[in-house]
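In what follows, a single structure is set out as structure tokens and then discussed.
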Amino acid sequence: MAADPLLPVAVALERILAAVPLMPAEETAVSQALGRVTAEPVRSRRTQPPMAMSAMDGYAVRASDVGRVPTTLTRVGSAPAGGSYGHPLQAGQTVRIFTGGPVPDGADSIVIQEDVDAESENNGARITVREAAFVGRYIRPAGLDFEIGDVGVSAGRAITARDVGLAAAMNVPWIMVRRRPKVAILATGDEIVRPGEPVGPNQIVSSNSYALSALVRACGGEPVVLGIAPDTIEGIQQLVRGARGADLVLTTGGASVGEHDLVQKALGTEAFGPGGLEVDFWRIAMRPGKPLIFGKVGDIPMLGLPGNPVSTLVCAMIFVKPAIEAMLGLERQAAPSSQARLGAALTPNDQRQDYLRATLAIDENGERIATPFNRQDSSMLARLAQADCLIIRPAHDPARAKGDWMAILELSGSLISL
């Protein structure tokens with residue numbers, strides 16, 4: 001019997017995004033909101049400034065009094081920030097005012113202090129204005145920044161430090177955000193041990209759980225590391241039962257169909273019982289990462305990632321990151337549109353979409369050059385750490401010459417450095 005065709009990356013991603021749940025809303029203090037995703041718009045609870053205020057240190061005047069200069073006015077009071085002059089300004093009068101001070105009724109302009117000669121700093125002093133002022137000069141009108149009810153931060157936005165400052169200025173002490181999705185992470189395999197533990201002659205140090213945990217946290221999720229399951233059906237089942245209450249389950253290793261690839265066998269309904277794994281798909285037309293399981297264990301979405309560390313992380317970039325963003329209600333990001341010229345020729349591609357680790361440089365013409373590493377083995381994690389980008393090659397892409405334009409997924413400032 002012929003094997004099922006490999007599922008295109010775009011189709012696999014759409015199925016995953018359609019299946020993951022949107023997280024419920026919860027309340028968080030504005031002081032703790034950095035990086036959280038808004039569940040509803042943040043609206044202002046005040047108008048800022050609440051009244052017309054001076055933008056400079058100087059004197060509040062009526063523009064009609066200082067149309068022709070020099071002219072002399074009489075100081076009748078002061079309006080510091082946090083204080084006010086409580087009487088309407090009359091013809092021939094001026095009020096000493098400071099930045100942030102409320103503009104007195106009747107005043108419609110500010111003359112900066114550098115443009116006057118003041119007899120003294122006392123009320124009743126004669127103030128000679130040397131520069132004419134027009135209506136509205138150096139005045140911040142009420143509501144210049146925002147008004148009551150204005151949306152300061154839209155829904156579905158990851159809150160920045162600027163957003164925190166704006167929400168605080170809007171007198172918003174609490175913000176409704178999406179709950180962080182709980183992502184259970186399970187590594188499988190007799191051959192892996194934790195960092196720092198004794199390493200047997202046939203074992204390697206596990207990195208996938210640590211990388212995935214960091215990735216989940218960087219994307220706004222809450223990782224729950226279940227541990228390392230041995231290559232036994234019972235061992236996998238026991239640890240997966242610890243994922244109850246999670247919003248998404250990630251496994252690494254055991255996703256293929258070899259003798260020791262037991263994830264599907266262990267979690268299927270025949271072995272696991274009611275609530276066992278219902279597989280949607282498990283073979284993707286991508287490199288690295290063809291053996292990728294997606295389905296549900298009970299009502300919890302599950303992604304079974306390949307065990308090779310590069311395959312794990314590349315699949316996480318392409319599938320896990322968008323899944324967490326969808327669970328948080330973040331707006332779907334468009335497909336990567338960055339491009340660079342190839343720094344080396346490429347042979348024709350096969351039926352799998354390829355993600356080539358590459359360095360990124362700027363040539364003498366100011367163009368970006370993406371040069372793939374000579375070896376792209378999915379066990380070579382150091383190459384991924386050293387890469388600046390992934391060159392994205394569509395399935396059946398023809399041979400490419402050095403200098404051809406190619407789509408790239410930049411890693412700097414993206415997933416790896418979040």
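The values are calculated or read from the model by the stated rules, or taken from the named source; none is laboratory data. This one's a predicted model, so the numbers in the text were calculated from it and none came from an experiment. Using ideal geometry, Cβ is built from the backbone for each residue, glycine included, and neighbour counts are taken over all protein chains shown. Note: accessible area is taken over every heavy atom of the protein model, side chains too, but ligands, DNA and RNA are not part of it. Shrake-Rupley method; radii C 1.70, N 1.55, O 1.52, S 1.80 Å.
Just to be sure, is ARG45 among the basic types (Lys, Arg) and either closer than 19 Å to GLY156 by Cβ or part of a loop (DSSP other than H, G, I, E, B) (or both)? Yes; evaluated as a whole, the condition is true for this residue. Under the condition of being β-branched (Val, Ile, Thr), more than 30 Å from ILE159 (Cα to Cα) and not in a loop (DSSP other than H, G, I, E, B), the residues counted in region 198-242 number 6. Here ARG341 clears all of (1) in contact with a Gly (Cβ under 7 Å, 6 or more places away or on another chain); (2) open to solvent by 50 Å² or more (accessible area, probe 1.4 Å); (3) part of a loop (DSSP other than H, G, I, E, B) except the condition numbered (3). Between GLY366, GLY343, GLY413, GLY329, the distinction of being modelled with pLDDT of 95 or more and on the phi > 0 side of the Ramachandran plot belongs to GLY329 only. The one condition from (1) within 30 Å of GLY149 (Cβ to Cβ); (2) at pLDDT 95 or above that LEU73 does not meet is (1). The residue that is farthest from the chain's Cα centre (by Cα), among those in region 353-382 that are of a type outside the set (S, T, N, Q), crowded, with 19+ Cβ neighbours inside 10 Å and within 27 Å of SER206 (Cα to Cα), is PRO372. The set of residues in region 209-227 being touching a Gly at 6+ places or on another chain (Cβ under 7 Å) and either farther than 26 Å from GLY273 by Cα or open to solvent by 40 Å² or more (accessible area, probe 1.4 Å) (or both) consists of GLY220 alone. The C-beta contact set for region 106-119 (first residue closer than 16 Å to GLY92 by Cβ, second residue in a loop (DSSP other than H, G, I, E, B) and among the charged types (D, E, K, R), distance under 8 angstrom, 6+ apart or interchain) comprises GLY106/ARG62; ALA107/ARG62; ASP108/ARG62; SER109/ARG62; SER109/ARG137; VAL111/GLU131; VAL111/ARG137; VAL116/ARG130. Of the residues contained in region 55-77, none is found to be crowded, with 21+ Cβ neighbours inside 10 Å, hydroxyl-bearing (Ser, Thr, Tyr) and closer than 30 Å to GLY329 by Cβ. Reported count of residues in region 126-145, each being buried (at least 16 other Cβ atoms within 10 Å of the Cβ) and touching a Leu at 6+ places or on another chain (Cβ under 8 Å), is 2. Every listed requirement among (1) open to solvent by 50 Å² or more (accessible area, probe 1.4 Å); (2) touching a Leu at 6+ places or on another chain (Cβ under 8 Å); (3) not acidic (Asp, Glu) is met by PRO181 save one, (1).
Residue-wise test of (1) closer than 30 Å to ALA25 by Cβ; (2) modelled with pLDDT under 95.
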residue	(1), (2)
GLY86	no, yes
GLN90	no, no
ASP105	no, no
VAL129	no, no
VAL135	no, no
ARG140	no, no
PHE146	yes, no
ALA168	yes, no
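So, ALA184, is that one aliphatic (A, V, I, L, M) and part of a helix (DSSP H, G or I) or not? Lay out the reasoning, then the answer.
Numbers: aliphatic (A, V, I, L, M): yes; part of a helix (DSSP H, G or I): no.
In short, no.
Counting residues in region 110-124 that are at pLDDT 95 or above, part of a loop (DSSP other than H, G, I, E, B) and surrounded by 15 or more Cβ atoms within 10 Å (Cβ to Cβ) gives zero.
Looking at region 276-317, the strands (runs of 3 or more DSSP E) lying wholly inside it that each contain 3 or more residues that are of a type in the set (A, V, I, L, M) sit at 291-297, 300-305.
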